[in-house]
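Participant: Pasting a structure below so you can have a look.
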Amino acid sequence: MLKKEVTPAPLGNVTIDGPFWAQRMKINRERTIPYEYKMLKKTGRVDSLKLGWKPGKEPVPHIFWDSDIAKWIEAASYSLTTHPDSKLDSLINGLVRLITKVQQPDGYLNTYFTVVEPGKRWTNLCDQHELYCAGHLFEAAVAHFQATGKRTLLDVACRYAGHIDATFGREPGKKRGYPGHEEIELALMKLYHVTGEKRYANLAKFFVDERGQQAHYFDREAIERGEDAANFRARTYEYNQSHKTVREQDKVVGHAVRAMYLFSGTADVTAEFSDEGLRAALDHLWNNLTSKCMYITGGIGPTRQNEGFTKDYDLSNETAYAETCAAIGLVLWAHRMLQFECDGCYADIMERALYNGVLSGVSLDGEKFFYVNPLTSLDSHQGDYKDVPERMRARLEPYRQEWFECACCPPNIARLIASLGNYVYSQSETDAVVHLYIGGTASLRVAGQTVRLRLDTRYPWDGKVVITVEPETPASFGLKLRIPAWCREFSIKVNGAAVKSPQVKRGYIQIEREWKAGDRVELRFSMPVELVKAHPKVRDDIGRVAIQRGPLIYCLEQADNNASLNQIVLPRDAKLEAHFEPDLLSGVVVIHGDGFVADDSDWDNQLYRFVSDQQKCFRISAIPYYAWNNRGRGEMEIWIRTDT
Ligand SMILES: [Zn+2]
């Protein structure tokens with residue numbers, strides 16, 4: 001489909017009060033967002049907006065600092081949408097006032113190129129993140145406007161977008177460039193949707209279409225700078241997905257976050273311009289990513305070398321990069337694909353990333369973060385990255401950090417959690433759609449009226465979901481409910497009567513009837529503990545299984561398993577039991593089962609010996625992956641050795 005089949009429910013029309021996410025959102029609001037502001041201030045990012053930097057002074061504003069501030073404003077604005085807070089509002093206003101003063105008379109707005117390298121603006125799109133920072137500013141402005149109705153930041157963003165539109169394009173005298181780090185494409189589409197200014201959409205389309213054209217723009221700008229384009233630090237334009245035009249691409253390559261932002265922006269452009277060629281490319285890229293290049297956690301990008309993709313089925317666990325931002329980017333892209341086609345294949349991936357590879361990125365107390373999200377941590381690979389400059393090592397450590405020099409991930413996860421309401425429901429003239437089972441309410445626009453849904457559940461701990469439907473007046477429309485791919489058995493009742501042999505189409509069940517206020521739908525997803533294996537070509541996972549229950553991927557953590565995790569064997573026929581432990585890790589379902597562990601007690605000085613069965617029984621205890629490393633440092637493992 002080239003046009004979107006459904007649209008998301010606006011953030012302001014959704015509330016979340018279900019126990020799992022209400023708790024995460026409260027911590028995001030009360031701890032993470034204020035903490036991140038403090039860190040933006042402490043690290044000099046806020047003060048850099050005063051443009052007082054002079055050569056020799058520390059800290060030197062960095063090329064992406066503007067984006068850290070913008071992402072924080074975006075997160076804080078989403079939070080204001082659902083939870084008004086005058087103190088937070090005034091912190092945002094303070095930043096907006098500073099940003100307004102950074103804007104140059106011609107509309108240009110970037111602290112780094114105003115104080116550190118004046119005169120060099122737009123000379124190195126390949127590496128310098130100018131358009132990337134602009135994109136995040138636009139997203140912040142749109143969120144701020146939607147949350148508060150204030151045009152202060154939106155007007156600044158529109159002036160800057162006007163400047164960029166006057167600078168880039170195919171017309172004579174304009175630069176035919178595009179960003180080295182994508183992001184502005186999706187941001188311009190947001191700016192277009194909120195202002196109605198079609199030139200923003202046209203500019204987004206230009207950036208998508210121009211990418212990868214020959215002669216290569218990044219070569220040409222390097223020559224103009226008097227440099228050799230071959231010295232490009234990543235050595236290949238696959239790094240930023242400009243090795244081919246987007247419509248020629250069928251395999252995910254390069255830096256994973258860049259790829260996700262590009263494909264998200266491309267999806268928006270595709271919908272606006274009904275572009276068949278771009279849609280076909282997105283389908284190929286989606287299939288390649290999700291069938292060959294994605295971790296079981298929804299993490300993507302296995303290597304730190306390019307912070308991104310390598311080759312199909314190359315999914316090493318211990319050295320997995322799987323940047324938090326990349327999993328967030330996958331949620332953004334999946335959500336856009338889901339609006340094109342209300343197909344569970346997109347919602348399943350969105351949910352997988354959200355509950356696992358995204359949520360692992362922030363600690364339970366909301367003030368520590370993962371940049372990389374490995375699937376195994378034997379706590380011994382510290383120091384293996386001596387080739388990495390010391391200031392950049394924090395991101396590679398196998399335990400959560402207070403902050404990073406490149407701090408893209410912390411405000412990114414804050415903005416995703418604060419805007420979670422966006423991802424739960426969609427609407428169309430004929431259907432109300434539930435994608436994610438998160439307790440709360442929504443006001444949807446369906447069948448020419450407002451339809452209120454009330455959703456009650458303990459998901460992901462329990463598979464029971466009750467939905468109360470409340471149209472203003474009785475009306476006929478479809479209620480579309482996602483049946484998750486992880487669920488093998490479910491039942492559904494409407495007003496207490498079982499729906500006989502419900503038909504699941506494209507991952508959803510559709511109930512068509514005349515709905516009246518108080519109608520009650522009850523879903524029961526059976527949620528047994530499952531063992532999962534990987535495609536045999538994934539070398540790291542051969543002879544291993546992962547534990548999954550509902551949408552959650554589990555892991556062993558040293559705190560619960562007093563053994564070297566790699567020596568633990570979980571038999572395929574092990575009886576696994578799940579039970580909720582309210583006092584552990586803010587309340588989690590823990591999984592127990594009987595396995596074995598290698599007996600190394602009588603090996604003395606031997607390194608090798610003939611095969612014998614020397615193992616002892618071992619009680620295995622697994623916790624949800626997202627919750628690991630909240631009880632100090634230690635080993636962690638998702639893929640557990642099995643017996644056959
Ligand atoms: Zn990041």
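The values are calculated or read from the model by the stated rules, or taken from the named source; none is laboratory data. Computed from a predicted structure; not experimentally measured. Here Cβ is always computed from backbone atoms with ideal geometry, including for glycine, and neighbour counts include all displayed protein chains. What goes into the accessible areas is simple: the full protein's heavy atoms, side chains included, and nothing from ligands, DNA or RNA. Shrake-Rupley method; radii C 1.70, N 1.55, O 1.52, S 1.80 Å.
Participant: Just one of the numbered conditions (1) more than 19 Å from the chain's Cα centre (by Cα); (2) without any contact (Cβ under 8 Å) to a residue 60 or more places away in the chain is not true of Thr376; which one?
Facilitator: Only one criterion in (1) more than 19 Å from the chain's Cα centre (by Cα); (2) without any contact (Cβ under 8 Å) to a residue 60 or more places away in the chain is unmet by Thr376, namely (2).
Participant: Let me ask something else. Going by the conditions given, is Lys533 surrounded by 14 or more Cβ atoms within 10 Å (Cβ to Cβ), at pLDDT 95 or above and on the phi < 0 side of the Ramachandran plot? Steps first, answer last, please.
Facilitator: Working: surrounded by 14 or more Cβ atoms within 10 Å (Cβ to Cβ): yes; at pLDDT 95 or above: yes; on the phi < 0 side of the Ramachandran plot: yes.
Taking the combined requirement at face value, the residue satisfies it.
Participant: Asn629: within 19 Å of Tyr355 (Cα to Cα), assigned to a loop (DSSP other than H, G, I, E, B) and among the polar types (S, T, N, Q), yes or no?
Facilitator: The answer is yes for Asn629.
Participant: Taking Thr82, is it farther than 30 Å from Ala230 by Cβ, of a type outside the set (Asp, Glu), touching a strand residue (DSSP E or B) at 6+ places or on another chain (Cβ under 8 Å) and crowded, with 17+ Cβ neighbours inside 10 Å? Before you say what the answer is, go through the steps one by one.
Facilitator: On the way: farther than 30 Å from Ala230 by Cβ: yes; of a type outside the set (Asp, Glu): yes; touching a strand residue (DSSP E or B) at 6+ places or on another chain (Cβ under 8 Å): yes; crowded, with 17+ Cβ neighbours inside 10 Å: yes.
When the stated conditions are applied, Thr82 passes them.
Participant: One residue is enough: does region 285-293 have a residue meeting the conditions buried (at least 20 other Cβ atoms within 10 Å of the Cβ) and either in contact with a Gly (Cβ under 9 Å, 6 or more places away or on another chain) or assigned to a loop (DSSP other than H, G, I, E, B) (or both)?
Facilitator: yes
Participant: Right, next: How many of the residues making up region 525-553 are in a loop (DSSP other than H, G, I, E, B) and over 15 Å from Tyr459 (Cα atoms)?
Facilitator: To start, the set of residues in region 525-553 that are in a loop (DSSP other than H, G, I, E, B) comprises 526-528, 533-538, 542-543, 550-551.
Right, trim to over 15 Å from Tyr459 (Cα atoms) and you get 533-538, 542-543.
Summing the residues that are in a loop (DSSP other than H, G, I, E, B) and over 15 Å from Tyr459 (Cα atoms) in region 525-553 gives 8.
Participant: For the condition within 13 Å of the ligand (Cβ to nearest atom) and either without any contact (Cβ under 8 Å) to a residue 24 or more places away in the chain or under 18 Å from the mean Cα position of the chain (by Cα) (or both), what is the one hit in Ala334, Ala347, Ala353, Ala322?
Facilitator: Ala322
Participant: While we're looking at this one, here's another question. Give me a count of the residues in region 77-115 that are within 22 Å of the chain's Cα centre (by Cα) and either closer than 13 Å to Ala141 by Cβ or of a type in the set (Phe, Trp, Tyr) (or both). Please lay out each step first, then the result.
Facilitator: Let us first name the residues in region 77-115 that are within 22 Å of the chain's Cα centre (by Cα), namely 77-82.
Imposing the further condition that a residue be either closer than 13 Å to Ala141 by Cβ or of a type in the set (Phe, Trp, Tyr) (or both) reduces the set to 77-78.
Result for region 77-115: 2.
Participant: So, one more: Just one of Thr297, Thr290 is modelled with pLDDT of 95 or more and within 16 Å of the ligand (Cβ to nearest atom); which is it? Working first, answer last.
Facilitator: Numbers: Thr290 fails: within 16 Å of the ligand (Cβ to nearest atom).
After ruling out the rest, the residue left standing is Thr297.
Participant: With the checklist (1) open to solvent by less than 10 Å² (accessible area, probe 1.4 Å); (2) away from the ligand (no atom under 16 Å from the Cβ); (3) in contact with a Phe, Trp or Tyr (Cβ under 7 Å, 6 or more places away or on another chain) in hand, flag the one item Thr266 doesn't pass.
Facilitator: (3)
Participant: Mind checking whether some residue in region 308-317 is within 16 Å of the ligand (Cβ to nearest atom) and crowded, with 19+ Cβ neighbours inside 10 Å? If you could, list the steps in order and put the result at the bottom.
Facilitator: Taking region 308-317 first, the residues within 16 Å of the ligand (Cβ to nearest atom) are 308-309.
Now restrict to residues that are crowded, with 19+ Cβ neighbours inside 10 Å: 308-309.
Taking every residue of region 308-317 in turn, at least one turns out to be within 16 Å of the ligand (Cβ to nearest atom) and crowded, with 19+ Cβ neighbours inside 10 Å.
Participant: If you don't mind, another one. When region 471-514 is examined, which residues are found to be assigned to a strand (DSSP E or B) and of a type in the set (Phe, Trp, Tyr)? Break it down into steps so the answer makes sense when it comes.
Facilitator: First pass over region 471-514, keeping only residues assigned to a strand (DSSP E or B): 471, 475-482, 490-494, 497-498, 504-505, 508-514.
Once the filter is applied, which keeps residues that are assigned to a strand (DSSP E or B) and of a type in the set (Phe, Trp, Tyr), region 471-514 yields Phe477, Phe490, Tyr508.
Participant: Name every residue in region 215-242 that is β-branched (Val, Ile, Thr) and either within 23 Å of Ala256 (Cα to Cα) or surrounded by 14 or more Cβ atoms within 10 Å (Cβ to Cβ) (or both), in order of residue number. Walk me through it before giving the result.
Facilitator: Step one: list which residues in region 215-242 are β-branched (Val, Ile, Thr), which gives 223, 236.
Within region 215-242, Thr236 is the sole residue that qualifies.
Participant: Residues in region 496-504: is at least one buried (at least 19 other Cβ atoms within 10 Å of the Cβ) and at pLDDT 95 or above? Steps first, please.
Facilitator: Within region 496-504, the first condition is being buried (at least 19 other Cβ atoms within 10 Å of the Cβ), and the residues that meet it are none.
Among the residues of region 496-504, not one is buried (at least 19 other Cβ atoms within 10 Å of the Cβ) and at pLDDT 95 or above, which makes the answer no.
Participant: Something else: Evaluate region 382-398: report whether one residue or more is touching a residue at least 12 places away in the same chain (Cβ under 8 Å), hydroxyl-bearing (Ser, Thr, Tyr), in contact with a strand residue (DSSP E or B) (Cβ under 9 Å, 6 or more places away or on another chain) and away from the ligand (no atom under 15 Å from the Cβ).
Facilitator: no
Participant: Being touching a Gly at 6+ places or on another chain (Cβ under 7 Å) and part of a helix (DSSP H, G or I) is the filter; apply it to region 328-347 and report the residue that is nearest to Asn630 (Cα to Cα).
Facilitator: Quick first cut of region 328-347, residues touching a Gly at 6+ places or on another chain (Cβ under 7 Å) only: 330, 343-345, 347.
Checking the rest, the ones that are also part of a helix (DSSP H, G or I) come to 330, 344-345, 347.
Numbers: Leu330: 25, Gly344: 32, Cys345: 32, Ala347: 28 Å.
Ranking the candidates gives Leu330 first.
Participant: Now for a different question. For Asn562, only one of the following conditions fails: (1) surrounded by 18 or more Cβ atoms within 10 Å (Cβ to Cβ); (2) closer than 28 Å to Glu577 by Cβ; (3) not hydroxyl-bearing (Ser, Thr, Tyr). What is its number?
Facilitator: Of the numbered conditions (1) surrounded by 18 or more Cβ atoms within 10 Å (Cβ to Cβ); (2) closer than 28 Å to Glu577 by Cβ; (3) not hydroxyl-bearing (Ser, Thr, Tyr), the odd one out for Asn562 is (1).
Participant: Failed condition for His335, given (1) in contact with a His (Cβ under 9 Å, 6 or more places away or on another chain); (2) within 30 Å of Gln427 (Cβ to Cβ); (3) buried (at least 24 other Cβ atoms within 10 Å of the Cβ), with all others met?
Facilitator: Every listed condition holds for His335 apart from (3).
Participant: Same structure again: Please count how many residues of region 192-220 are of a type outside the set (Lys, Arg) and either outside any helix (DSSP H, G or I) or in contact with a Cys (Cβ under 7 Å, 6 or more places away or on another chain) (or both). Even if it seems obvious, please write down each step before you answer.
Facilitator: Narrowing region 192-220 to residues of a type outside the set (Lys, Arg): 192-197, 200-204, 206-210, 212-219.
If we keep only those that are either outside any helix (DSSP H, G or I) or in contact with a Cys (Cβ under 7 Å, 6 or more places away or on another chain) (or both) as well, we get 195-197, 212-216, 218.
Looking only at that region, the number is 9.
Participant: Follow-up. Go through region 576-617 and count every residue that is assigned to a strand (DSSP E or B), farther than 16 Å from Gln548 by Cβ and open to solvent by less than 30 Å² (accessible area, probe 1.4 Å).
Facilitator: Step one: of region 576-617, the residues assigned to a strand (DSSP E or B) are 576-581, 588-598, 615-617.
Add one more test, that the residue is farther than 16 Å from Gln548 by Cβ, and what stays is 579-581, 594-598, 615-617.
Checking which are open to solvent by less than 30 Å² (accessible area, probe 1.4 Å) leaves us with 595, 597.
Of the residues in that region, 2 qualify.
Participant: Moving on to the next point. Does region 356-370 hold any residues that are farther than 12 Å from Gly299 by Cβ and not aliphatic (A, V, I, L, M), and which are they? Reasoning before the result, please.
Facilitator: Looking only at region 356-370, we keep the residues that are farther than 12 Å from Gly299 by Cβ, and these are 362-369.
Passing the criteria: Ser363, Asp365, Gly366, Glu367, Lys368, Phe369.
Participant: Let me ask something else about it. Which one of these is of a type in the set (A, V, I, L, M, F, W, C) and over 28 Å from Thr319 (Cβ atoms): Ala563, Ala534, Ala497?
Facilitator: Values: Ala563 fails: over 28 Å from Thr319 (Cβ atoms); Ala534 fails: over 28 Å from Thr319 (Cβ atoms).
Checking each option against the conditions leaves just Ala497.
Participant: State which residue pairs qualify: first residue over 15 Å from Lys464 (Cα atoms) and inside region 476-491, second residue open to solvent by 40 Å² or more (accessible area, probe 1.4 Å) and part of a strand (DSSP E or B) in any location, beta carbons under 6 Å apart, and separation of 6 or more residues or different chains.
Facilitator: Listed by first residue and then by second, the contacts come to Ser476/Glu514; Gly478/Gln510; Gly478/Glu512; Lys480/Gln510.
Participant: Additional query: Just need a number here: residues in region 138-161 that are under 15 Å from Cys408 (Cβ atoms) and in contact with a Ser or Thr (Cβ under 8 Å, 6 or more places away or on another chain). Full working, then the answer.
Facilitator: Of all residues in region 138-161, those under 15 Å from Cys408 (Cβ atoms) come to 139-140.
So of that shortlist, the ones also in contact with a Ser or Thr (Cβ under 8 Å, 6 or more places away or on another chain) come out as 140.
Of the residues in region 138-161, 1 are under 15 Å from Cys408 (Cβ atoms) and in contact with a Ser or Thr (Cβ under 8 Å, 6 or more places away or on another chain).
Participant: Next question, about the same structure. Can you name the residue in region 356-381 that is part of a loop (DSSP other than H, G, I, E, B) and open to solvent by 10 Å² or more (accessible area, probe 1.4 Å) and, of all such residues, is nearest to the ligand (Cβ to nearest atom)? Give the derivation first.
Facilitator: We begin by selecting, within region 356-381, every residue part of a loop (DSSP other than H, G, I, E, B); these are 363-368, 370-375, 378-381.
From what is left, the residues that are open to solvent by 10 Å² or more (accessible area, probe 1.4 Å) are 364-365, 367-368, 378-381.
Numbers: Leu364: 20, Asp365: 20, Glu367: 17, Lys368: 15, Leu378: 24, Asp379: 23, Ser380: 25, His381: 20 Å.
Filtering first and then ranking leaves Lys368.
Participant: Shifting gears a bit: Are any residues in region 508-530 surrounded by 12 or more Cβ atoms within 10 Å (Cβ to Cβ) and farther than 20 Å from Leu453 by Cα, and if so, which ones? So that I can check it myself, show each step before the final result.
Facilitator: Filtering region 508-530 for residues surrounded by 12 or more Cβ atoms within 10 Å (Cβ to Cβ) gives 508-513, 515-517, 519-525, 527-530.
Result: Met527, Pro528, Val529, Glu530.
Participant: Follow-up. Among the residues of region 236-250, write down those that are in a loop (DSSP other than H, G, I, E, B) and without any contact (Cβ under 8 Å) to a residue 60 or more places away in the chain.
Facilitator: Within region 236-250, the subset in a loop (DSSP other than H, G, I, E, B) is 236, 241-245, 249-250.
Those that are in a loop (DSSP other than H, G, I, E, B) and without any contact (Cβ under 8 Å) to a residue 60 or more places away in the chain: Thr236, Gln241, His243, Lys244, Thr245, Gln249, Asp250.
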